[in-house]
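Read through the structure below, which is laid out as structure tokens, and then see the notes.
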Amino acid sequence: MTSPTPLTAAPDLAEPTPGFAGSIGVARRDITPPPGIFIRVWGPATEDVSTGTHRPLTLTALALVADGQDPLVLLAADLGWWQDPADEWHVRGSVLERLGLDSARVLLSLSHTHAGPSTYRGDAGQPGGHLISPYLDALRDAAVGAAEEALARCVEATLTWTTGRSGVAGNRDLPRDDRYVVGYNPAAHADDTLLVGRVTGADGAVIATLVNYACHPTTLAWQNTLVSPDFAGALREVVEDGTDGAPCLFLQGASGDLAPREQYVGDTAVADRHGTALGHAALGALCAMPAAGTELACLGVVESGAPLAIWGLRTVAQPRSARASHHDVPVALKDDLPTIEELEVAWADIDPLSRVERIRRARNLRASYRDDGAATHPLWVWSLGDCAIVGQPGELYSAFQERLRARFPERAVVVLNVTNAPGAVYLPPEHLYDENIYPVWQTLLARGSMERVLDAAVTDLDERTGP
């Protein structure tokens, strides 16, 4: 067999596999609520409580330990969003207290399903609201138990990343007359990036997978009365079936402007179809990944009818560094933020059920921020070798993750919406503030807030480049 002639006087040519090596473990809990719990989130809904379960809701913990450091714990849960700081802290704070960790070292990332139970104790007076407080206690116990078990199961492993593509999500900012409506816009760009992580043990077996994709779980809407993880359930099933049952964590990306092209239905088969498509795209990306501990490199040239560049796998050591930080990014509230009374007048002519839901959400959002015009937006940044996880509680537009990944092309950059703390306000790009569009009139934050959070993430990752 002809051996390739080594390259001379040329730079090293390789396609690095971003990753992290350390001690890693995973554990899962079922967090499906009891039937009859309050689930209403859609204005046109005529039912308030769940009548059953489409697919189980899960909470999955991934523990990562770098040499000589406290652990990092990533919790991925099939939940919608937090409305009260005390409710969120009841879960995440309990994990921090039990493990004795700094607040920067635990991320509780929600899938943002719109078919999940209320996690707001303020809904106790609603139909099925008496089940919310016991459910929050069960969530707390599940999060603590899964985190402890994941740590106990830690083994030497590598976490490596690859990029796939999926067209399930489309842009959901659709111009109509003098405003935008929330629905599929086939003429607009949609980020189709599917970032897939694989945790591999020393024996080569897959321990866990992670799928980071930006797409609102709004397949199921007001016609549905079943608790559901939406498309994330079928996604996990497909990926886990293809990886010998290794738990799969779905991580919601910057999906402020992205949602399934077909959505707002009551048919759970549509959600399963979306998840199946995403799952196969993730498996395709996993199948194309090089073996753990290797990367694709140009090994040399073989002379044939043409000079042939020979690429193959070579051994590489993944970095073992890990750092975590928490920032409170200064932002501003809108100068012209309408009062609740003004909103009631402005929405007087819409469907009464929808008006009640809009007012309820607006009131809860305002309770999360100060009323003196000053505000901060929390941001968590983890650097794991040459990958990064950037999490925050709002609904960032996909432009955020596209810009951040373009700034750090050599790294795998995972962006998480609806992570830690309440405050699911939208963070659209500043140019959209000139438009009559839902994310702009929903958010409390002034123009430029998304860009300020982006600058803070870039600054953090710039400072943490290298070992």
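Based on the Kirkwood radius over alpha-carbon pairs, what is the Stokes-Einstein translational diffusion coefficient of the stretch 280-348 at 20 °C with 1.002 mPa s viscosity, in µm²/s? Walk me through the intermediate numbers first.
On the way: Rh = 19.1 Å.
The calculation lands on 112 µm²/s.
Which of Pro44, His112, Pro18 sits farthest toward the positive end of the charge dipole of the stretch 1-135, with +1 on the Cβ of Lys and Arg and -1 on the Cβ of Asp and Glu?
Selected residue: Pro44.
With N residues in the stretch 1-113, what two-decimal value do you get for its Cα radius of gyration over 2.2 N^0.38 Å? Intermediate values should be presented prior to the final figure.
On the way: Rg = 22.4 Å, N = 113, 2.2 N^0.38 = 13.3 Å.
Compactness ratio reported: 1.69.
Sorted by accessible area with a 1.4 angstrom probe, largest first, how do Arg105, Arg261 fall? Spell out each step's value before the answer.
Details: Arg105 30, Arg261 125 Å².
From most exposed to least exposed: Arg261, Arg105.
Can you give the FRET efficiency for Arg363 and Glu451, using 1/(1 + (r/R0)^6), R0 = 25 Å, r = Cβ-Cβ distance, to the nearest 0.05? Before the final figure, lay out each step's value.
Numbers: r = 28 Å, r/R0 = 1.11.
Working from the Cβ atoms, E equals 0.35.
So how do 440-446, 141-147 stack up, highest first, on mean other-Cβ count within 10 Å? Kindly include the intermediate steps, with their values, before the conclusion.
Details: 440-446: 19.1, 141-147: 21.3.
Highest mean packing first, the order is 141-147, 440-446.
Size of the dipole of the chain about the Cα centre, Lys and Arg at +1 and Asp and Glu at -1 on the beta carbon, nothing else charged, in debye to 20? Don't skip to the answer; put the middle values down first.
Numbers: 36 positive and 59 negative charges, 99 e Å.
That gives a dipole near 480 debye.
So what's the back-of-envelope 222 nm ellipticity for the chain, counting only DSSP H runs of four-plus at -39500 (n - 2.57) apiece and dividing by all residues, rounded to 500?
On the way: 9 runs with 119 residues, N = 467.
Computed mean residue ellipticity for the chain: -8000 deg cm²/dmol.
Roll a 1.4 Å probe over the protein chains and send me the accessible area per residue for the chain in Å².
Ligands and nucleic acids excluded, the figure is 40 Å² per residue.
Once a ≥ b ≥ c are taken as the square roots of the eigenvalues of the Cα gyration tensor of the stretch 86-209, is the result rounded (a/c under 1.5), prolate (a/b larger than b/c) or oblate (a/b not larger than b/c)? Display every interim value, and only then the final one.
Details: a/c = 2.81, a/b = 1.14, b/c = 2.46.
Since a/c reaches 1.5 but b/c is at least a/b, the shape of the stretch 86-209 is classed as oblate.
Would you mind telling me the share, in percent, of accessible area of the chain contributed by carbon and sulfur at probe 1.4 angstrom?
On the way: 9720 of 18620 Å².
C and S atoms contribute 52 percent here.
Quick check on the stretch 173-216: what does the Kirkwood estimate of hydrodynamic radius come out to from the alpha carbon pairs, in Å?
Details: mean 1/r = 0.0726 Å⁻¹.
Averaging 1/r across every pair of different Cα atoms and inverting gives 13.8 Å.
Give the calculated FRET efficiency between Asp30 and Glu149 to the nearest 0.05, with a Förster radius of 22 Å applied to their Cβ-Cβ distance.
It comes out at approximately 0.95.
Over the C-alpha atoms of the stretch 139-288, what are the Rg and the largest Cα-to-Cα span, Dmax, in Å?
Rg and Dmax of the stretch 139-288, Cα atoms, are 17.1, 60 Å.
In percent, how large is the relative contact order of the stretch 51-164, given Cα pairs closer than 8 Å and 6 or more residues apart? Present the calculation step by step, with values, prior to reporting the outcome.
On the way: 145 pairs, mean separation 35.1, N = 114.
For the stretch 51-164, the relative contact order is 31 percent.
Want the number for Cys287 to Glu341: 0.36 nm per residue separation, take away the alpha-carbon distance, what's left?
Values: separation 54, 0.36 × 54 = 19.44 nm, distance 5.54 nm.
Length gained between Cys287 and Glu341: 13.9 nm.
I need the shape label for the stretch 202-300. Rule: rounded when a/c is under 1.5, else prolate if a/b > b/c, else oblate, with a, b, c from the alpha carbon gyration tensor. Could you put the intermediate results ahead of the total?
Numbers: a/c = 3.00, a/b = 2.07, b/c = 1.45.
Cα axes put the stretch 202-300 in the prolate bin.
Can you tell me how the stretch 374-439 classifies by the Cα gyration tensor, rounded, prolate or oblate, using a/c under 1.5 as the rounded cut? Show your work: numbers first, answer last.
Working: a/c = 2.75, a/b = 1.46, b/c = 1.88.
Taking the square roots of the gyration eigenvalues as a ≥ b ≥ c, the stretch 374-439 is oblate.
Report the accessible area of Asp191, computed with a 1.4 Å probe over the heavy atoms of all protein chains in place, in Å² rounded to the nearest 10.
Result for Asp191: roughly 10 Å² accessible.
Which value, in Å² rounded to 10, gives the accessible area of Arg366 with a 1.4 Å probe and all protein chains present?
Surface accessible to solvent at Arg366 totals approximately 60 Å².
Largest first and to the nearest Å, give the Cα extent of the stretch 322-467 along each principal axis.
57, 26, 25
Note down the nm distance, to one decimal, between modelled labels 7 Å out along Cα→Cβ at Asp434 and at His326.
Calculated label separation equals 3.9 nm.
Is there a quick way to get the dipole size of the stretch 327-366? I mean about its Cα centre, with the Cβ of Lys and Arg at +1 and of Asp and Glu at -1; what is the value in debye to the nearest 20? Please report the intermediate quantities before stating the final value.
On the way: 7 positive and 9 negative charges, 45 e Å.
In total the dipole reaches around 220 debye.
Let's see if you can work this out: charge +1 on each Lys and Arg Cβ, -1 on each Asp and Glu Cβ, no other charges. What is the dipole magnitude of the stretch 103-216 about its Cα centre, in debye to the nearest 20?
In total the dipole reaches around 120 debye.
To two decimal places, what compactness ratio does the chain give when its Cα radius of gyration is scaled by 2.2 N^0.38 Å? All intermediate terms of the calculation are to be shown ahead of the outcome.
Values: Rg = 22.7 Å, N = 467, 2.2 N^0.38 = 22.7 Å.
Rounded to two decimals, the normalised Rg is 1.00.
Could you give the distance between the Cα centres of the stretch 328-365 and the stretch 274-290, to the whole Å?
The distance from the Cα centre of the stretch 328-365 to that of the stretch 274-290 comes to 40 Å.
Return the whole-Å distance between the Cα centroid of the stretch 127-201 and the Cα centroid of the stretch 396-462.
So the two Cα centres are separated by 16 Å.
Report, as a whole number in µm² per second, the diffusion coefficient that Stokes-Einstein gives for the stretch 302-388 at 25 °C and 0.890 mPa s using the Kirkwood radius over alpha carbon pairs.
On the way: Rh = 18.9 Å.
Stokes-Einstein gives a translational diffusion coefficient of 130 µm²/s.
Please report the accessible area of Glu97 (heavy atoms, 1.4 Å probe, ligands and nucleic acids excluded) in Å², nearest 10.
150 Å²
Have a look at Ala169, Val453, Leu75 and report the one farthest towards the positive end of the charge dipole of the chain, computed about the Cα centre with Cβ charges (Lys/Arg +1, Asp/Glu -1).
The residue sitting farthest along the positive end of the dipole is Leu75.
Along the stretch 322-337, what does the Karplus equation 6.51 cos²θ - 1.76 cosθ + 1.60 (θ = phi - 60°) give for ³J(HN,Hα), rounded to whole Hz, x for Gly and Pro?
In residue order, the calculated couplings are 8, 9, 9, 8, 10, 10, 9, 7, x, 9, 10, 7, 4, 5, 9, 4 Hz.
The values are calculated or read from the model by the stated rules, or taken from the named source; none is laboratory data. This structure is a prediction, so every number in the text was calculated from the model and none was measured. Quick reminder, even Gly has a Cβ in these numbers, built from the backbone with ideal geometry, and neighbours come from all protein chains shown. With ligands, DNA and RNA removed, areas are computed over all heavy atoms of the protein, side chains included. Shrake-Rupley method; radii C 1.70, N 1.55, O 1.52, S 1.80 Å.
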